[in-house]
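The values are calculated or read from the model by the stated rules, or taken from the named source; none is laboratory data. Note that the structure is a prediction, hence the values are computed from the model and not measured. All Cβ positions, even for glycine, are placed from backbone atoms using ideal geometry, and neighbour counts span all protein chains on display.
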Amino acid sequence: MTRETPPAAVDSAPAGVWRIVAAREIAVKLRDRNFLVSTILTVVVIVASLSISAFMGSRATTVDVGIVGEDAAPIVTAASALADSADKNVTFTARRVADAGTLEQQVEDETVTVGLLPDANGWRLIGKSAKNDDASTYLTAAVRQITVQRNAVAAGTSIEQLSRGSAVGYDLIDEAAVDPALAKVVTIVFAFLFYLSSILFGMAIAQSVVEEKQNRIVEILASAIPLRQLLIGKVVGNTVMAFGQLILFGGAGLIGLAVIGKGDQVTQIAGAAGWFIVFFVISFLALASLWAVAGALATRNEDLQSTSTPLSMCIMLVLFAGIFLTGTGRVIASYVPIVSIVAMPGRLADGSARWWEPFIALAITAAATYGIVVIAEKLYRRSLMQTQGRLTIRQALRVED
């Protein structure tokens with residue numbers, strides 16, 4: 001396999017010419033309608049999902065309770081009071097019916113949500129096909145409360161005397177800790193943002209490289225720009241755009257959390273999000289270089305499926321690791337370059353990482369990124385000018401500089 005040598009004007013090019021390439025990459029992205037539309041749609045999805053979550057959480061629910069006789073009415077009233085004291089937007093409304101048969105029929109017809117009937121052991125609830133959790137929780141608690149109160153009166157005492165000394169307080173050692181469920185959601189969001197940005201910008205780099213190579217434009221570029229400078233410009237330009245997009249997505253998410261009443265959680269989540277962006281930017285320099293190599297190894301767009309498969313699989317594994325890893329495996333992953341993009345910020349979000357751990361993980365990631373970029377730059381230079389057919393990494397390493 002012969003190597004095609006571009007005209008010699010490379011050595012005379014200024015060292016900062018990569019800035020021109022980076023500016024061009026940014027300008028192309030900003031003019032790309034698909035990129036702009038997808039970015040806006042993602043922001044809309046983030047805001048909409050948070051708004052829907054807030055709406056569903058604040059939406060009042062009414063549970064119609066069918067009752068027979070007068071004894072059940074105080075139970076329904078007490079259930080509403082208990083739900084209100086627990087800050088639940090649930091209202092229980094009593095619907096009197098003539099008899100048990102009519103009540104069961106109304107439950108069957110869904111005229112009422114549940115039925116409440118006395119039986120030999122106390123009371124029983126009737127539902128159609130599935131338990132209503134609100135009815136089960138608050139009506140049961142109301143029955144117990146009223147029953148204890150009546151039994152206390154019958155015994156010549158009061159419920160206050162019976163419950164004396166039974167109060168239970170709940171103190172939090174770490175009041176600033178993020179709710180575990182919210183921390184898990186944040187980790188999943190980090191994983192998907194990593195995957196989305198890596199694929200979107202990475203594939204754009206690879207396609208840009210292979211198109212320039214396929215159209216032989218790269219030969220003209222190589223005559224005026226050192227290939228190293230060309231690679232740096234592509235990597236830096238796309239990294240800047242990825243950074244800006246993540247800032248936009250993260251800002252939308254944090255503002256949304258504050259608006260829906262999760263402002264007390266924003267501070268720690270914002271810290272984890274900041275670390276995620278830092279880890280992503282450092283690691284994306286390595287990923288962008290590898291995507292450029294994937295494009296340089298190919299000679300046409302059809303070859304990209306083959307040359308980019310290992311990188312795509314690596315990104316997919318990081319996505320799954322960020323979502324599913326737990327325990328010791330997650331701790332180890334938070335120090336492994338690339339995987340640490342998701343694992344370490346996820347640990348910071350749930351408070352399981354000490355303050356010094358992200359600094360060590362970032363140092364390891366930066367060292368690994370430097371090594372990957374050096375190797376990728378060599379592969380890029382050696383394979384970019386080879387237009388005779390698709391190369392493998394081994395073949396690219398054997399090509400002489």
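Looking only at segment 112-122, filter to residues that are at pLDDT below 90 and either surrounded by 14 or more Cβ atoms within 10 Å (Cβ to Cβ) or touching a strand residue (DSSP E or B) at 6+ places or on another chain (Cβ under 8 Å) (or both); which one of those is nearest to THR61 (Cα to Cα)? Write out each step before concluding.
Initial filter on segment 112-122 (at pLDDT below 90): 117-122.
Now narrow it down to the ones that are either surrounded by 14 or more Cβ atoms within 10 Å (Cβ to Cβ) or touching a strand residue (DSSP E or B) at 6+ places or on another chain (Cβ under 8 Å) (or both): 117-118.
On the way: LEU117: 22, PRO118: 25 Å.
Filtering segment 112-122 for residues that are at pLDDT below 90 and either surrounded by 14 or more Cβ atoms within 10 Å (Cβ to Cβ) or touching a strand residue (DSSP E or B) at 6+ places or on another chain (Cβ under 8 Å) (or both), the one nearest to THR61 (Cα to Cα) comes out as LEU117.
Keeping to segment 18-35, report how many residues are exposed (fewer than 11 other Cβ atoms within 10 Å of the Cβ) and touching a residue at least 40 places away in the same chain (Cβ under 8 Å).
0
One residue stands out in segment 309-367 among those that are outside any helix (DSSP H, G or I), out of contact with any helix residue (DSSP H, G or I) (no Cβ under 6 Å at 6 or more places or on another chain) and of a type outside the set (Ser, Thr, Tyr): the one that is surrounded by the most Cβ atoms within 10 Å (Cβ to Cβ), namely VAL336. Here segment 1-31 is the region considered, the condition is being out of contact with any Pro (no Cβ under 9 Å at 6 or more places or on another chain), among the β-branched types (Val, Ile, Thr) and within 29 Å of THR392 (Cβ to Cβ), and the residue that is modelled with the highest pLDDT is VAL21. Among the residues of segment 63-84, at least one is of a type in the set (Ser, Thr, Tyr), outside the structural domain of ILE255 (by TED's automatic domain parsing), over 39 Å from the mean Cα position of the chain (by Cα) and within 20 Å of VAL148 (Cβ to Cβ).
Comparison of ILE260, ILE277, ILE255 shows that the only residue that is assigned by TED's automatic domain parsing to the domain that holds LEU379, modelled with pLDDT of 85 or more and out of contact with any strand residue (DSSP E or B) (no Cβ under 6 Å at 6 or more places or on another chain) is ILE277. Taking strands (runs of 3 or more DSSP E) as the structural unit, no element lying wholly within segment 57-174 holds at least 2 residues that are free of Cβ contacts under 8 Å to residues at least 40 places away in the same chain, more than 30 Å from LEU257 (Cβ to Cβ) and among the aromatic types (Phe, Trp, Tyr). Against the definition (modelled with pLDDT of 90 or more, touching a Lys or Arg at 6+ places or on another chain (Cβ under 7 Å) and either surrounded by 24 or more Cβ atoms within 10 Å (Cβ to Cβ) or of a type in the set (Asp, Glu) (or both)), how does ALA292 come out, yes or no? Taking the combined requirement at face value, the residue satisfies it. Take ILE332 and decide whether it is hydrophobic (A, V, I, L, M, F, W, C) and within 29 Å of ILE217 (Cβ to Cβ). No: the conditions fail for ILE332. Being under 14 Å from PHE194 (Cβ atoms) and touching a residue at least 24 places away in the same chain (Cβ under 8 Å), is that true of even one residue in segment 296-308? No. Quick check on ILE225: is it modelled with pLDDT under 90 and in the same structural domain as ARG354 (by TED's automatic domain parsing)? Yes, satisfied. Looking at ILE205, ILE199, just one residue is assigned to a helix (DSSP H, G or I), in contact (Cβ under 8 Å) with a residue 40 or more places away in the chain, among the β-branched types (Val, Ile, Thr) and within 21 Å of ARG382 (Cα to Cα), and that residue is ILE205. Just one of the listed residues (LEU248, LEU231, LEU319) is more than 24 Å from LEU41 (Cα to Cα), hydrophobic (A, V, I, L, M, F, W, C) and either touching a residue at least 60 places away in the same chain (Cβ under 8 Å) or not assigned by TED's automatic domain parsing to the domain that holds GLU25 (or both), namely LEU231. The residue pairs whose first member lies in segment 340-358 and is under 8 Å from THR187 (Cβ atoms), whose second member is surrounded by 20 or more Cβ atoms within 10 Å (Cβ to Cβ) and among the small types (Gly, Ala, Ser), and whose beta carbons are closer than 6 Å, counting only pairs six or more residues apart or on different chains, are VAL342/ALA191; VAL342/GLY322; PRO345/ALA272; ALA349/ALA183; ALA349/ALA272; ASP350/ALA183. More than 15 Å from ALA396 (Cβ to Cβ) and either in contact with a Cys (Cβ under 8 Å, 6 or more places away or on another chain) or of a type outside the set (D, E, K, R) (or both), is that true of GLY322? In short, yes.
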